[in-house]
Amino acid sequence: MRTHFPVIVVGAGPAGLLLSHLLHLQGIESIVLESRSRAAVESTIRAGVLEQGTMDILNETGVGERMRREGALHHGIELAFGGQRHRIALTDLTGRAITVYAQHEVIKDLIAARAAVHGDMLFDVSDVSVHDIDSTQPSVQFRVNGQVRRLTCDFIAGCDGFHGVCRPAMPASVREEYQRVYPFGWFGVLVEAPPSSDELIYAAHERGFALISTRSPTVQRMYFQCDPSERAEAWSDERIWHELHTRTESHDGWRLKEGPIFQKSVIAMRSFVCTPMQYGRLFLAGDSAHIVPPTGAKGMNLAVADVWRLARALDDFFHRDDEAGLRGYSEAALKRIWRAEHFSYWMTRMMHRLDDAPPFEQQMQRSELEYVVSSRAASLMLAENYVGLPIA
């Protein structure tokens, strides 16, 4: 194995794999290091609502064919409360749309693209550590197949998630971290059933939030607000369906379509931002630098926007000897990140039951919901953030 690469990418999630793919298209070599097996990476089921900009990038870079064929293109979403459903016409308002296509499917497509060109990827690595990030030749040490290896590079891309090793490698004295941990989580289920709705339903109810999503014509994804300490195995299917029906049914007689539940999980919720997203020759992207609550459907889309920007900056450095994009990477990326953090926080506060909120604030929630669905200006604000602001 060679011992030097222009870019070492730590983490084979959507951020790391897409960055490696983009760099390849620009003629820049990279290697991806991942602690999990390829099978584990490809089978970890995550939600996937793709913004218009994300769809465009996948299509333009040659990895969107299966997304177009198997993903569900949606032109609106529904907000449900007070026994009624209200449609937010995303495409009519913005000219843009979303595609529901699970994150692990995007990962499969990206791994296949890297494998097709014999791109360097190492799975099942352990004991990863990054070194000399403030020098012109940083390095990454790791163990693979029982041997300790050390690779040098020009840049390290930390795409290894919230619990990865890259962010902590930045000196604590230069990092500032912002976090909001929510007092509730989501109980998620996968169900063998036909779709209950043509579009996603976001439901606000006195018992708590619920979301009706889809995965395929035969598999549906559903969530409801719960205590984050809940144990998924303690919930019977009957109890789960009771909560979902109670929180989503409307006065027009619409009902969820039931089916066998084959996966249950509880998801904790937080907002998190690390700034800056770079130090020396180390650059962070995706969940290693920021986390959003899933209400706004922004997580994977932010990762895509990060690496699109980072890939352009690296292209400028290697091919035009221009460092401006790298120097300004963090500042430019954080503008989009804070906008997405605000939108996700706003959606979360508006849609969820807030047990610590006084009755006055609860009435403010209801008033805001009614305004969003009755005002074109308010609906447009939600729609343009949901489909994603242009990636510039």
Report whether or not E70 is among the acidic types (D, E) and either more than 18 Å from the chain's Cα centre (by Cα) or over 22 Å from Q220 (Cβ atoms) (or both).
yes
Answer with yes or no whether T218 is polar (S, T, N, Q), more than 22 Å from the chain's Cα centre (by Cα) and crowded, with 21+ Cβ neighbours inside 10 Å.
no
Here is a list of conditions, (1) out of contact with any Asp or Glu (no Cβ under 7 Å at 6 or more places or on another chain); (2) surrounded by 16 or more Cβ atoms within 10 Å (Cβ to Cβ); (3) assigned by TED's automatic domain parsing to the domain that holds D306; (4) under 20 Å from N301 (Cα atoms), and I107 meets all of them except one; can you say which number that is?
(1)
Would you point out which residue out of G27, G16, G62 is at positive phi and assigned by TED's automatic domain parsing to the domain that holds F162?
G27
Which condition from (1) touching a helix residue (DSSP H, G or I) at 6+ places or on another chain (Cβ under 8 Å); (2) closer than 29 Å to A97 by Cβ is the one that R207 breaks?
(2)
So, in region 110-131, exactly how many residues are out of contact with any strand residue (DSSP E or B) (no Cβ under 6 Å at 6 or more places or on another chain) and surrounded by fewer than 17 Cβ atoms within 10 Å (Cβ to Cβ)?
6
Apart from one, (1) surrounded by 14 or more Cβ atoms within 10 Å (Cβ to Cβ); (2) within 18 Å of V49 (Cβ to Cβ) all hold for D198; the odd one out is (1)
Name the residues in region 24-46 that are more than 21 Å from the chain's Cα centre (by Cα) and part of a helix (DSSP H, G or I), would you?
H24, L25
Scope region 47-62; condition part of a loop (DSSP other than H, G, I, E, B) and within 14 Å of the chain's Cα centre (by Cα); matching residues:
A47, G48, E51
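Could you look through region 327-353, keep only residues that are among the hydrophobic types (A, V, I, L, M, F, W, C) and out of contact with any Leu (no Cβ under 7 Å at 6 or more places or on another chain), and pick out the one that is farthest from H24 (Cα to Cα)?
M351
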Anything in region 243-276 that is loosely packed, with under 12 Cβ neighbours inside 10 Å and not charged (D, E, K, R)? List them, or say none.
H251, G253, P260, F262
What do you reckon, is I31 buried (at least 20 other Cβ atoms within 10 Å of the Cβ), touching a residue at least 12 places away in the same chain (Cβ under 8 Å) and of a type in the set (V, I, T)?
yes
(1) surrounded by fewer than 18 Cβ atoms within 10 Å (Cβ to Cβ); (2) modelled with pLDDT of 95 or more: which one isn't true of A311, the others all being true?
(1)
Within region 299-312, is even one residue in a helix (DSSP H, G or I), within 27 Å of A203 (Cα to Cα) and in contact with a Ser or Thr (Cβ under 8 Å, 6 or more places away or on another chain)?
yes
Restricting region 336-369 to residues that are in contact (Cβ under 8 Å) with a residue 40 or more places away in the chain and acidic (D, E), the residue that is farthest from G208 (Cα to Cα)
E341
Just checking, does region 375-385 include any residue being without any contact (Cβ under 8 Å) to a residue 40 or more places away in the chain and touching a strand residue (DSSP E or B) at 6+ places or on another chain (Cβ under 7 Å)?
no
Go through region 285-296 and give me each residue that's crowded, with 24+ Cβ neighbours inside 10 Å and out of contact with any helix residue (DSSP H, G or I) (no Cβ under 6 Å at 6 or more places or on another chain).
D287, A289
Which of the residues that make up region 71-92 are exposed (fewer than 14 other Cβ atoms within 10 Å of the Cβ) and either part of a strand (DSSP E or B) or in contact with a Phe, Trp or Tyr (Cβ under 9 Å, 6 or more places away or on another chain) (or both)?
Q84
Within region 133-178, of all residues that are more than 22 Å from S271 (Cα to Cα) and of a type in the set (D, E), the one surrounded by the most Cβ atoms within 10 Å (Cβ to Cβ) is D154
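The values are calculated or read from the model by the stated rules, or taken from the named source; none is laboratory data. The shown structure was predicted, so the numbers you read here are calculated from the model rather than taken from an experiment. Using ideal geometry, Cβ is built from the backbone for each residue, glycine included, and neighbour counts are taken over all protein chains shown.
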